[in-house]
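The values are calculated or read from the model by the stated rules, or taken from the named source; none is laboratory data. Quick caveat, the model's predicted, so the values are computed rather than measured. Glycine also receives a Cβ, built like all others from the backbone with ideal geometry; neighbour counts cover every protein chain displayed. Just so you know, the surface numbers come from the protein's heavy atoms only, side chains and all, with ligands and any DNA or RNA stripped out. Shrake-Rupley method; radii C 1.70, N 1.55, O 1.52, S 1.80 Å.
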Amino acid sequence: WVNVTDKATTSSGEHFMATDVMWDPSGRYVATAVSSQRTSLESGYMIWNSIGKELFSTVHDSFYQIMWRPRPPLALSAEQMKEVKKNLKEYRDRYEKEDQELKESRRSGKAARLRQLREEWSKVYSQLL
């Protein structure tokens, strides 16, 4: 992996016997593959991010091709996208608040359950003494 601006190597990785290299349409990921057409040993693929970190690797007995799935068209019109972008902070705040409330309710429920178990244990322990 090379940063062409600085002309410096940023990272390195190896996919032994790779036969195919393919960037995804967004340019954020790279797939390298070893095809069974060339060799039956270690055929499969690896997914890398744009800075060279291996994200996923798999080996298959008979693997022939990897292709990126095409992106579907956007469901929103240009005007709807503008509206979403304009109100993004409001949406984020609302959903973060909901997430926080959910976490707190889970914590309080867990604490109540632990308190109940502690009280039950205390009763059983006091009966044993």
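This table checks each residue for (1) open to solvent by 90 Å² or more (accessible area, probe 1.4 Å); (2) under 30 Å from Asn3 (Cα atoms); (3) of a type in the set (Asp, Glu).
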{"site": "Ala31", "(1), (2), (3)": "no, yes, no"}
{"site": "Ser50", "(1), (2), (3)": "no, yes, no"}
{"site": "Arg69", "(1), (2), (3)": "yes, yes, no"}
{"site": "Tyr91", "(1), (2), (3)": "no, no, no"}
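Output yes when any residue across region 114-121 is free of Cβ contacts under 8 Å to residues at least 24 places away in the same chain and within 23 Å of the chain's Cα centre (by Cα), and no when none is.
No.
Out of (1) loosely packed, with under 12 Cβ neighbours inside 10 Å; (2) out of contact with any Phe, Trp or Tyr (no Cβ under 8 Å at 6 or more places or on another chain), what's the single condition that is false for Ser12?
(2)
Can we say Tyr45 is open to solvent by less than 70 Å² (accessible area, probe 1.4 Å), under 24 Å from the mean Cα position of the chain (by Cα), of a type in the set (Phe, Trp, Tyr) and at negative phi?
Spelling it out, Tyr45 is indeed open to solvent by less than 70 Å² (accessible area, probe 1.4 Å), under 24 Å from the mean Cα position of the chain (by Cα), of a type in the set (Phe, Trp, Tyr) and at negative phi.
Taking the stated definitions as given, is Leu129 loosely packed, with under 10 Cβ neighbours inside 10 Å and over 24 Å from the mean Cα position of the chain (by Cα)?
In short, yes.
So Met81 passes all but one of these: (1) open to solvent by 80 Å² or more (accessible area, probe 1.4 Å); (2) in contact with a Leu (Cβ under 8 Å, 6 or more places away or on another chain); (3) not charged (D, E, K, R). Which condition number does it fail?
Here Met81 meets the rest and fails (1).
Of all residues in region 51-98, how many are in contact (Cβ under 8 Å) with a residue 40 or more places away in the chain and not in a loop (DSSP other than H, G, I, E, B)?
1
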